[in-house]
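Participant: Okay, handing you the structure first.
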Amino acid sequence: MKKAVSILMIMMLVLGLLAGCSSSGTATGAAAESEVIKIGWIGSLTGDQAIWGTCEFNTVQMMVEDANANGGWLGKQIEVIGYDTKGDSLEAVNAVKRLVGQDKVVAIIGPNASGQAIAISQVLEEAGVPDIATVATNPKVTVDENGNTKPYNFRVCFIDPYQGAVAAGYAYEVLGLKKAAILYDVADEYSQGLTEFFEKTFVELGGEIVAKEAFKFGDVDFRPQLSSIKEINPEMIFMPYFFKEVALSSTQARELGINAVLMGGDGWTSEQLLEMAGDSVQGSYVVNHLDFEDPDVQTFKNAYMAKYNAAVELNGYLAYDAFRLLEESVKKAGVADSVKIKEAMETAEVQGITGKIKINPKTHNPEGKEAAILKIDQNKYVFQTKYSVEIK
């Protein structure tokens, strides 16, 4: 009996030691993990907008490398984990679930598309992880339909109502254009938002919308709509959609003999447009987030080009600002905790490459950002002026 008890005690002692070793090993692993701050990125690495997503992810990776070389954040190294959304909202949701559930990131940068940024809101809120959208300009990215601020959604870009109003104001007040036509994508929230506020502002200023034609994403023949517009002979055509469709529609417009001034929003701004559209967009105007030739932009621009042997797309500049906002928020929080980072982000201020980023806690949008008006001239985006309006 005593022998059996002794054996039992020995077995219990061995199991206790093993458990202690296991517990010690887990604690060591957790400590090791805590020495790295994980952040996420999501965006399109494939599909029509892959050129934008690739530039974003390249930018974030480059900035992580630079930050790590300078000691990281809070004395810890940074690791970025990125996933391709393929330009799809469901893919964006799945990517965020993986980042917050499996990868345990403290915050996420991206996406650039409003539809994807809107779709991930619930996942972010359930996980308590903040996200900074780059070029997602629809108002519903950060504020829901009832006017409530989405607690974990932020952005560094201005919004569609502002962008549409800027386009209208510049066209009417500076270019002196009084009769405008609109060609827009009826299936896209970005295009709808710009259209609504361009039309509203242009009419309020005294202009006239003489034609309004729609198409659906995926269309490649815009001649029926453009033929209807041609009959009315407007002074300008507002085209609030993305560069691929802009290239197709602008080329077809010129082929039909339409000589009206063309104008669009930040969805135009890509080197791809200049290559695809050529002479068709020369003389056109674009509402943008920055002057690409601004002296303050050149250090980053040159570093990116040297590292990747490619031009910086608009998204790269906004990804730069998103990273700086996140960096400032982490340092302000003083701890790599998602909720505290989110709280710090609500009142963060940082000098970005596209201007000063000062987050409004009631909207999670940056306050006071001016738009840059660019003109496409000799196959380049040439800065014209800074321009702002008050949205009523």
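The values are calculated or read from the model by the stated rules, or taken from the named source; none is laboratory data. Quick caveat, the model's predicted, so the values are computed rather than measured. Neighbour counts run over all protein chains shown; Cβ positions are idealised from the backbone, glycine included.
Participant: So which of A372, A333, A344 is in contact with a Leu (Cβ under 8 Å, 6 or more places away or on another chain), buried (at least 19 other Cβ atoms within 10 Å of the Cβ) and among the small types (G, A, S)?
Facilitator: Just one listed residue meets the conditions, A372.
Participant: Among the residues of region 31-75, which ones are hydroxyl-bearing (S, T, Y) and within 22 Å of I118 (Cα to Cα)?
Facilitator: Correct list: S44, T46, T54.
Participant: L314 is checked against (1) more than 20 Å from I51 (Cα to Cα); (2) surrounded by 23 or more Cβ atoms within 10 Å (Cβ to Cβ) and fails just one. What number does that condition carry?
Facilitator: For L314, the exception is condition (1).
Participant: Tally the residues that are of a type in the set (D, E), more than 19 Å from E125 (Cα to Cα) and part of a loop (DSSP other than H, G, I, E, B), restricting the search to region 332-350.
Facilitator: 0
Participant: Going residue by residue through region 143-159, is there one that turns out to be touching a Cys at 6+ places or on another chain (Cβ under 9 Å) and buried (at least 24 other Cβ atoms within 10 Å of the Cβ)?
Facilitator: No, region 143-159 contains no residue that is touching a Cys at 6+ places or on another chain (Cβ under 9 Å) and buried (at least 24 other Cβ atoms within 10 Å of the Cβ).
Participant: Here is a further query. Please go through region 296-321 and pick out each residue that is in a helix (DSSP H, G or I), of a type outside the set (A, V, I, L, M) and within 16 Å of Y381 (Cβ to Cβ).
Facilitator: Listed by number, the residues that qualify are Q298, K301, N315, G316, Y317.
Participant: Another question, if that's okay. Within region 187-214, which residues are acidic (D, E) and in contact with a strand residue (DSSP E or B) (Cβ under 7 Å, 6 or more places away or on another chain)?
Facilitator: E199, E208, E213
Participant: Which is under 15 Å from N315 (Cα atoms), of a type in the set (G, A, S), modelled with pLDDT of 90 or more and touching a Phe, Trp or Tyr at 6+ places or on another chain (Cβ under 6 Å), of G110, G82, G43, G87?
Facilitator: None of the others qualify; the one that does is G110.
Participant: Whether any residue in region 55-77 is touching a Phe, Trp or Tyr at 6+ places or on another chain (Cβ under 7 Å), modelled with pLDDT of 95 or more and either part of a strand (DSSP E or B) or on the phi > 0 side of the Ramachandran plot (or both) is what I want to check.
Facilitator: no
Participant: Across region 251-291, which residue is surrounded by the most Cβ atoms within 10 Å (Cβ to Cβ) among those that are modelled with pLDDT under 95 and outside any helix (DSSP H, G or I)?
Facilitator: Filtering region 251-291 for residues that are modelled with pLDDT under 95 and outside any helix (DSSP H, G or I), the one surrounded by the most Cβ atoms within 10 Å (Cβ to Cβ) comes out as T269.
Participant: A further question on this structure: Of the residues in region 271-313, how many are out of contact with any Asp or Glu (no Cβ under 8 Å at 6 or more places or on another chain) and either farther than 27 Å from A168 by Cβ or not polar (S, T, N, Q) (or both)?
Facilitator: The number of residues fulfilling the criteria is 30.
Participant: Give me a count of the residues in region 254-299 that are within 17 Å of the chain's Cα centre (by Cα) and more than 30 Å from M63 (Cα to Cα).
Facilitator: Qualifying residue count for the region: 0.
Participant: With the structure loaded, tell me whether V106 is among the β-branched types (V, I, T), farther than 20 Å from E271 by Cβ and under 17 Å from the mean Cα position of the chain (by Cα) or whether it fails that test.
Facilitator: So V106 fails the test.
Participant: Here's another thing I want to ask about it. Quick check on N302: is it out of contact with any helix residue (DSSP H, G or I) (no Cβ under 9 Å at 6 or more places or on another chain) and on the phi > 0 side of the Ramachandran plot?
Facilitator: no
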